[in-house]
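Worksheet: one structure, shown below.
Nothing in this text is a laboratory measurement; each read-out follows from the coordinates by a stated rule. Because the structure is predicted, anything quoted here is derived from the model rather than measured. Positions of Cβ are backbone-derived with ideal geometry, glycine not excepted, and every protein chain shown enters the neighbour counts.
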Amino acid sequence: MAQDDAIARLARQIDAARQSERFLVNQEEVALLRRQGACQLHQVCADFVSSLNSKLAYATLDLSPPAYAPEMFREPGVNLIQIGSQGREMQITFQAPPQLFSTEKFRIPYVLEGEVRTYNQRMLERFEIRSYSLFFCVNQEGAVWRFYDWRIPHTAPVDPGLLAGLMERLF
């Protein structure tokens with residue numbers, strides 16, 4: 001039985017290495033994937049803001065930048081998306097890791113890493129800013145943004161529902 005476990009573990013490692021090595025040889029593909037990831041993340045934010053604003057009667061959420069194109073992605077550098085309303089803020093920062101892909105901070109290979117921070121005025125007065133990790137992960141099916149909360153080891157795809165849950169805590 002132990003031999004079967006070792007073989008299964010080795011098979012998973014070989015598959016993961018083959019998947020990640022595919023990106024080692026094609027820098028242009030990784031650059032394109034990063035630009036697509038930036039646009040995908042902005043689209044998730046835009047869908048969240050649009051959906052929520054359509055249901056609000058008195059206030060609206062602001063999204064900055066209001067639109068995003070692939071050429072807006074800065075590499076190297078930090079990219080920023082902000083969502084805010086009435087002093088309640090969600091800041092999403094992301095950037096390319098030093099290597100073409102990485103598994104340093106998250107076990108699934110990723111080509112972009114970032115963070116989402118949420119805060120309001122009361123939290124700022126107490127020096128309390130909530131922060132969660134984001135990774136644009138690559139797998140056999142493609143690439144997807146993942147959220148990770150280090151405090152309660154939890155991961156989930158980044159979608160409008162997740163953003164709603166993070167923003168809800170601010171009101």
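Structure notes:
- Normalised contact order of the chain, rounded percent, pairs of Cα under 8 Å and 6 or more residues apart: 18 percent
- Legend: ranking of residues Ile83, Ile129, Ile7, Ile108 from fewest to most surrounding C-beta atoms inside 10 Å; resulting order Ile7, Ile129, Ile108, Ile83.
- Low-density loop positions, trypsin sites (Lys or Arg not before Pro), region 112-171 - DSSP coil, at most 13 other Cβ in 10 Å: Arg126, Arg151, Arg169
- Taking the chain as a Gaussian network of alpha-carbon nodes connected by springs under 10 Å, the highest mean-square fluctuation of the residues Ala31, Ala59, Ala46 belongs to Ala59.
- Among [x] 1.48; [y] 1.40; [z] 1.17, the entry that matches Cα Rg over 2.2 N^0.38 Å as calculated here: [z]
- Cα centroid separation, region 68-89 to region 108-125: 12 Å.
- Environment charge at Gly161 (Cβ cut-off 12 Å; Lys +1, Arg +1, Asp -1, Glu -1): -3
- Linear extension gain, Asp4 paired with Ala31, 0.36 nm per residue minus alpha-carbon span: 5.9 nm
- Given 13 as the ceiling on other Cβ atoms within 10 Å, longest exposed-site-free region of the chain for GluC sites (Glu not before Pro) in DSSP loops: 1-103
- When Ser85, Ser54, Ser64 are arranged by Cβ crowding within 10 Å, least crowded first, meaning fewest neighbours, the order is Ser54, Ser64, Ser85.
- Loop-resident sites, region 67-141, for chymotrypsin sites (Phe, Trp or Tyr not before Pro), counting at most 11 other Cβ within 10 Å (DSSP): Phe127
- Difference of contour (0.36 nm per residue) and Cα-Cα distance, Phe171 to Thr155: 3.4 nm
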